[in-house]
Amino acid sequence: MQSIDAIKPIKIHVLPAGPNPWKPVLILEELGLPYSLNFISFEDVKKKPFTDINPNGRAPAIEDPNTDLTLWESGAIIQYIISQYDTNHILSYPSYALKETHLCNQWLAFQISGQGPYFGQAAWFNVLHPEKLPSAIARYNAELKRILSVLDGALEGRQWLVGDKMTFADLAFTVWNDRIEDLILCEKEKKFEGFPNVQAWHERMTSRPAWKKAMEKREKLMDEHGLLPNGMPKGFKSHGEFHASVEAKRKAEAAEVKE
Amino acid sequence: MASEEPSIVLYTTQTPNGIKISITLEELGLPYKVQKIDISKNTQKEQWFLDINPNGRIPALTDTFTDGKTINLFESGSIMQYLVAQYDKDYKISFPPGTREFYEMNNWIFFLNAGVGPMQGQANHFTRYAPEHIEYGVNRYQNETRRLYGVLDKHLSSKNIPYLVGDKCTIADIAHWGWIASAGWAGIEINDFPALKAWEDRMAERPGVEKGRHVPDRHGIKDLLKDKEKMEKHAAENRAWVQAGMKDDAEKHKGKK
C-alpha cells in the first residue's frame, strides 16, 4: 500500500449544517487520511461553479488529486475511499471475504436509501416546514422509528452490523442518529428509547477520537461561518426566518439577472 | 454451477425497485427463480421473509455463495452491485472495479437510491395514497422529483451520451428505468424531459429490459397511465393497504420515543 505520507490531501466539499458531508469525513478520520475541507454555503450549493462539480447541487463532493477523480453522492464516495485507501482493511473486509464485503455494502445502501431520506423528511416536517401537518409528521416519525427498530433487531446480541468489527457500514449511520433530537424535537436522552442496541452501538462509535475530531471540525467550521451547532445561522430566530431570507435573496438575484 | 436448479432466488413484486433486479438478471443471462411477494397481503412482514430481509421490503435475493452456504441480500442498489461483482466478468453492464467509469456508475446508482427513488416514492404517496390530500406534500415531492429528472436530462443532453456513464448501458441505467417509466404515476410529465424520454425509449428496446420488466407479473404501468378510470381504481385499491400498513407500523412503535 501507498504510504500515507505520499497521499495528497483529498479535497472534500461540505455544507456543514447537513449531516451527509460528515459521513465521508468520519471515514477519512478513522483511516487517518489527509484531507482538506472546503466550505460550501447553502446559497452556493445549487449554482455554478459548484454544480460543475456536482450537477445535483448537493454536498458532499470530493476531488481527489491522487487519482484526478471528482465524485459525489456520499455512498459512492465512501465506497471509493474504502476501495482505494483502506487497503489494510481497518474499516472493511478484504475482497476475498465476499460475503462480508457485500453485506457491508447492503447496510450502506440501507443507510443511503432508508435512514438518510426518511430522517431528512422527518426533519423537514417537524422543524423546517412553516406549517404543521400532523399526518405528514406522523408518517415520517413512524418511519424513523421503524428504521431504528430494523437496526436494533440486526444488532441484537452483537456489537457491529457485519462480522465482529466496526466497518464503514456502522459508521455511516452515526451522523444522522446523533441528531435525532434535532430532527423530531424530542429530548436528547430519550431519542433511542426502546432501541437499546442502537444506543449502545451509537455510543461505541461516538466515544472514539475520530468522531470527536470530526465533530470538532464541524463545529469550528460552522462557527467560522456564523452558524450555530444546530445549523441555524446566528442572528436568526428560526429556520423559517432564515430560509425566507435565503429565498428573498435568491429572488432578488434572479430579478437582477433578468434586468 | 454444479446443480441444474438456479441458485439465485429473487423475492419481488411488480414495482420499480423489483424490476431493477429482474432486468439485471435478464441482461446478464443468469438463471433464477422468482418468488412473488404479495405486499397487499403483507407477505414481506412474515418472519421467514424478515429472516432474509429484516427491513421487510422487496426486492431481496438469496444465492448460493462461493462458500456453499446461502447469502441473503437486500437493498436493490447493493443487490445490483453484488450481481455484477459476482457474475458480470465480461463487463456487459458494468465497468471493471477501480476504473473511473466504475466509480461514476456507482455515483448514479446512489443518486437513484438516495434521491429519485425515495423522492418519487413520496410523490406517489402524496399524489395517490395519502389519507388526506395535502397540496403542499404533493408539490414538495413532485418538484423535487422534477428537479432530479432535470439533473438526469441535462447530464444526458449536455454530454450527448446514450447512457448515464457513456456508451454502455450499465446497472446505473437499469436502476433508473422502472422509476422513469412510471413518472406519470407520480404526476410527472416525462415529455418535459426530452433527453430522458429518448433514453427511456432506448432502454425499452433492449431485450433484457423487455423480458425483465414483466417479473413477477406483467409491467402494466404504461397502459394504466393511458386509462384515467383504471388508474383511480388501482390507486384506491393500493391506498387501503398502504394506510393499513402505516397504521400498523405506528402502533408497533408506539411508546418508543
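The values are calculated or read from the model by the stated rules, or taken from the named source; none is laboratory data. Keep in mind that what you see is a predicted model, and the values were worked out from it rather than measured. With ideal geometry, Cβ positions are generated from the backbone for all residues, glycine too; neighbour counts draw on all protein chains shown. Quick note on the areas: whole protein, heavy atoms, side chains included, nothing else; ligands and nucleic acids left out. Shrake-Rupley method; radii C 1.70, N 1.55, O 1.52, S 1.80 Å.
Would you check which residues across the stretch B:215-257 are aliphatic (A, V, I, L, M) and at the interface with chain A (Cβ under 10 Å from one of its Cβ atoms) and list them? Selection gives B:M246, B:A250.
Just to be sure before I move on: is B:P118 at pLDDT below 95 and touching a helix residue (DSSP H, G or I) at 6+ places or on another chain (Cβ under 6 Å) in the structure I sent? Taking the combined requirement at face value, the residue does not satisfy it. Return a yes/no flag: does the stretch B:174-190 have any residue that is farther than 26 Å from B:V138 by Cα, at pLDDT 95 or above and open to solvent by less than 60 Å² (accessible area, probe 1.4 Å). Checking the stretch B:174-190: at least one residue is farther than 26 Å from B:V138 by Cα, at pLDDT 95 or above and open to solvent by less than 60 Å² (accessible area, probe 1.4 Å). Here A:S113 clears all of (1) open to solvent by 10 Å² or more (accessible area, probe 1.4 Å); (2) in contact (Cβ under 8 Å) with a residue 40 or more places away in the chain; (3) within 25 Å of B:G56 (Cα to Cα) except the condition numbered (2). Screening B:Q47 with (1) without any contact (Cβ under 8 Å) to a residue 24 or more places away in the chain; (2) in contact with a strand residue (DSSP E or B) (Cβ under 9 Å, 6 or more places away or on another chain); (3) not small (G, A, S) gives one miss only, at (2). For the stretch A:73-86, a residue qualifies if it is in contact (Cβ under 8 Å) with a residue 24 or more places away in the chain, of a type outside the set (D, E) and more than 7 Å from chain B (Cβ to nearest Cβ), and the qualifying residues are A:S74, A:I77, A:I78, A:I81, A:I82, A:Y85.
Evaluate the following for B:D51: is it open to solvent by less than 20 Å² (accessible area, probe 1.4 Å) and acidic (D, E)? Here the answer is no, as B:D51 does not meet what is asked. Would you pick out the residues in the stretch B:200-257 that are of a type in the set (V, I, T) and over 30 Å from A:E193 (Cβ atoms)? Matches in the stretch B:200-257: B:V209, B:V215, B:I221. Only one entry of A:K165, A:K191, A:K212 meets the criterion of being basic (K, R) and closer than 25 Å to A:L37 by Cα, and that entry is A:K212. The set of residues in the stretch B:208-230 being part of a helix (DSSP H, G or I) and in contact (Cβ under 8 Å) with a residue 12 or more places away in the chain consists of B:G208, B:V209, B:K211, B:G212, B:I221, B:K222, B:L224, B:L225.
Take the conditions of a type in the set (S, T, Y) and surrounded by fewer than 23 Cβ atoms within 10 Å (Cβ to Cβ) and apply them to A:S83. Does it pass? Yes: the conditions hold for A:S83.
Applying the condition of being assigned to a loop (DSSP other than H, G, I, E, B) and open to solvent by 30 Å² or more (accessible area, probe 1.4 Å) to the stretch A:218-234 and asking which residue is farthest from A:S36 (Cα to Cα) yields A:K234. Residues that are at the interface with chain A (Cβ under 7 Å from one of its Cβ atoms) and on the phi < 0 side of the Ramachandran plot within the stretch B:68-80 comprise B:I71, B:L73, B:F74, B:G77, B:S78, listed in sequence order.
Of all residues in the stretch A:58-72, those being more than 8 Å from chain B (Cβ to nearest Cβ), in contact with a helix residue (DSSP H, G or I) (Cβ under 7 Å, 6 or more places away or on another chain) and either open to solvent by 60 Å² or more (accessible area, probe 1.4 Å) or under 20 Å from A:A17 (Cα atoms) (or both) number 3.
For first residues located in the stretch A:87-106 and at the interface with chain B (Cβ under 9 Å from one of its Cβ atoms) and modelled with pLDDT of 95 or more, partners that are part of a loop (DSSP other than H, G, I, E, B) and open to solvent by 40 Å² or more (accessible area, probe 1.4 Å) and lie 6+ apart or on another chain with Cβ distances below 6 Å form the pairs A:T101/A:S95. Residues in the stretch B:154-192 that are more than 19 Å from the chain's Cα centre (by Cα) and either assigned to a helix (DSSP H, G or I) or within 14 Å of another protein chain (Cβ to nearest Cβ) (or both): B:K154, B:H155, B:L156, B:S157, B:S158, B:K159, B:I161, B:N191, B:D192.
Checking each residue in the stretch A:1-30 for being part of a strand (DSSP E or B) and among the basic types (K, R) picks out only A:K11.
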